Amino acid sequence: MSAIEQIPAARALMAIVVTCGDLPAPELAIRNLVFNGLDDKPTVEWGVEISLHGGLPHFEQWRGALGFDPADVDHAERHDLGWLTVTARYAGIPVRLIGYYDPYSDQEQAS
């Protein structure tokens, strides 16, 4: 593999930053992502990972702005950390959106 193979992911990253520049600041990275291709078999492709640490509202703002289906969101919790993830295509490139939150803090705020 060569660095030039990351160019499509870098272009998608720039499109995301331009489109979503007014949203809460995430951590952004270009990574090899496992993504189900057209034949529904997992493939590894260069993609963009967007990580948010500001709780559920930040995740939802980004999910909506990227047009990712809420039905595709996965949820996990371990001890005092929860996270939501969704991986979908944006500008033809796989994008993984991850939102971390404190499940106890967010439950308290909701009540």
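Some points to look at:
- Count of segment 47-73 residues which are closer than 17 Å to Pro94 by Cα, open to solvent by 80 Å² or more (accessible area, probe 1.4 Å) and under 11 Å from the mean Cα position of the chain (by Cα): 0
- Boolean, Val86 is open to solvent by 80 Å² or more (accessible area, probe 1.4 Å), free of Cβ contacts under 8 Å to residues at least 24 places away in the same chain, under 25 Å from Ile7 (Cβ atoms) and aliphatic (A, V, I, L, M): no
- Residues of segment 3-33 classified as surrounded by 12 or more Cβ atoms within 10 Å (Cβ to Cβ) and among the charged types (D, E, K, R), total: 2
- Selection of first residues in segment 91-104 that are on the phi > 0 side of the Ramachandran plot and of second residues that are open to solvent by less than 60 Å² (accessible area, probe 1.4 Å), restricted to Cβ pairs under 7 Å at least 6 apart or on distinct chains, gives the following pairs, ordered by first then second residue: Ala91/Ala12; Ala91/Ala15.
- The listed residues are Asp22, Asp72, Asp39, and the only one of them that is free of Cβ contacts under 8 Å to residues at least 24 places away in the same chain and farther than 30 Å from Tyr104 by Cα turns out to be Asp39.
- Take the conditions (1) at pLDDT 95 or above; (2) hydrophobic (A, V, I, L, M, F, W, C); (3) open to solvent by 60 Å² or more (accessible area, probe 1.4 Å); Val44 misses just one of them, which is (1).
- Condition check for Ile16: touching an Asp or Glu at 6+ places or on another chain (Cβ under 8 Å), in contact (Cβ under 8 Å) with a residue 24 or more places away in the chain, hydrophobic (A, V, I, L, M, F, W, C) and not in a loop (DSSP other than H, G, I, E, B): no
- Residue match in segment 49-60 (condition: in contact (Cβ under 8 Å) with a residue 24 or more places away in the chain and more than 21 Å from Tyr104 (Cα to Cα)): yes
The values are calculated or read from the model by the stated rules, or taken from the named source; none is laboratory data. Please read these numbers as outputs of a predicted model, since none were measured by experiment. Glycine gets a Cβ as well: all are built from the backbone with ideal geometry, and neighbour counts include every protein chain shown. Note: accessible area is taken over every heavy atom of the protein model, side chains too, but ligands, DNA and RNA are not part of it. Shrake-Rupley method; radii C 1.70, N 1.55, O 1.52, S 1.80 Å.
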